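Peer 1: Got a structure for you, questions after.
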């Protein structure tokens, strides 16, 4: 009997691994090719509050590497404690989003890095002023000379930050180990959750290696009814970029990689637990009323998507 059960588990595991291949789901690569000198410079800039108007906010303020690449707040806080209108998306694996920001207004990481500096609520400065401050710093002046061989510009600053952000990959999640052939990397309930994730239609939106980040999707109007309160400008999502009626309440589908360490959830940060997020999305987006056991299994699976940064699991970073 014990042999039969073990054999059955192996067969199920092989079937699930085959399903992953069919769904175009792969492992996150363990290395990435970048310009090391640019990335090192970008790392310094990413963590430097000099880029903000009052010297209190850096990129890392809203995208802290020890907080899953977010700030774990419903909405981010900028200079003078001002609150923004949306939840801070994770910076980890963000290179693999097809566009940046919830509303997709930036085409890539370099374009994304331009925005916060001059946003009066976020970093509240002007690029001309930031360039002057960076240029007056002897260490930066030397680094930019070595790396870019010329004048310090906002283009060079954002290029360096983007190069650093490309290094923020999180390989070796237990799910990646499972895909690599370790069939014991996932427990039976986690494997059940992976099967349910596919069966219930979650992969309609959360597809590919990064389980999202590849399309826009409209949030059900029922979500806003249940949430209550006024509809804000930020709630209109992609519409704010295109002005097209069909884009109202559309948002970039977030990646589910490391989702267990990036609460609270959704564009407005109103959902505090992963359990609640799974239940709501299943009901409102897929029309699925999950049984408690199904919900637990899917949440258990999602927790296996937590990867490592430079060898440290994200849920252990301090």
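Peer 1: Answer with yes or no whether residue 53 is buried (at least 19 other Cβ atoms within 10 Å of the Cβ), touching a helix residue (DSSP H, G or I) at 6+ places or on another chain (Cβ under 7 Å) and modelled with pLDDT of 95 or more.
Peer 2: Yes; evaluated as a whole, the condition is true for this residue.
Peer 1: Take residue 197 and tell me if it is in contact with a helix residue (DSSP H, G or I) (Cβ under 6 Å, 6 or more places away or on another chain), at pLDDT 95 or above, crowded, with 17+ Cβ neighbours inside 10 Å and part of a helix (DSSP H, G or I).
Peer 2: When the stated conditions are applied, residue 197 passes them.
Peer 1: Since residue 162 meets every condition but one in (1) over 30 Å from residue 37 (Cα atoms); (2) part of a helix (DSSP H, G or I), which condition does it not meet?
Peer 2: Failing condition for residue 162: (1).
Peer 1: Name the single residue, out of those in the range 107-121 being farther than 13 Å from residue 158 by Cα and in contact with a strand residue (DSSP E or B) (Cβ under 9 Å, 6 or more places away or on another chain), that is surrounded by the most Cβ atoms within 10 Å (Cβ to Cβ).
Peer 2: 121
Peer 1: Let me ask something else about it. Any idea how many residues of the range 73-99 are in contact (Cβ under 8 Å) with a residue 40 or more places away in the chain, touching a helix residue (DSSP H, G or I) at 6+ places or on another chain (Cβ under 9 Å) and not in a loop (DSSP other than H, G, I, E, B)?
Peer 2: Residues in the range 73-99 being in contact (Cβ under 8 Å) with a residue 40 or more places away in the chain, touching a helix residue (DSSP H, G or I) at 6+ places or on another chain (Cβ under 9 Å) and not in a loop (DSSP other than H, G, I, E, B): 2 in total.
Peer 1: Failed condition for residue 249, given (1) farther than 30 Å from residue 311 by Cβ; (2) at pLDDT below 95, with all others met?
Peer 2: It fails just one condition, (2).
Peer 1: Then there is this: For the range 23-43, give me each residue that is loosely packed, with under 15 Cβ neighbours inside 10 Å and within 22 Å of the chain's Cα centre (by Cα).
Peer 2: Within the range 23-43, 24, 26, 29, 30, 31, 32, 33 meet the criteria.
Peer 1: For the condition on the phi > 0 side of the Ramachandran plot, under 18 Å from the mean Cα position of the chain (by Cα) and touching a residue at least 12 places away in the same chain (Cβ under 8 Å), what is the one hit in 266, 251?
Peer 2: Exactly one residue qualifies, and that residue is 266.
Peer 1: Please work out which one of (1) assigned to a helix (DSSP H, G or I); (2) in contact with a helix residue (DSSP H, G or I) (Cβ under 8 Å, 6 or more places away or on another chain); (3) assigned by TED's automatic domain parsing to the domain that holds residue 296 is the condition residue 183 fails and give its number.
Peer 2: Single failed check for residue 183: (1).
Peer 1: Give me a count of the residues in the range 249-294 that are part of a helix (DSSP H, G or I) and under 26 Å from residue 229 (Cβ atoms).
Peer 2: Within the range 249-294, residues that are part of a helix (DSSP H, G or I) and under 26 Å from residue 229 (Cβ atoms) number 14.
Peer 1: Yes or no: the range 120-137 includes at least one residue that is under 26 Å from residue 26 (Cα atoms), in a loop (DSSP other than H, G, I, E, B) and outside the structural domain of residue 258 (by TED's automatic domain parsing).
Peer 2: No.
The values are calculated or read from the model by the stated rules, or taken from the named source; none is laboratory data. Here the structure is a predicted model, which is why all the values come from computation and not from measurement. With ideal geometry, Cβ positions are generated from the backbone for all residues, glycine too; neighbour counts draw on all protein chains shown.
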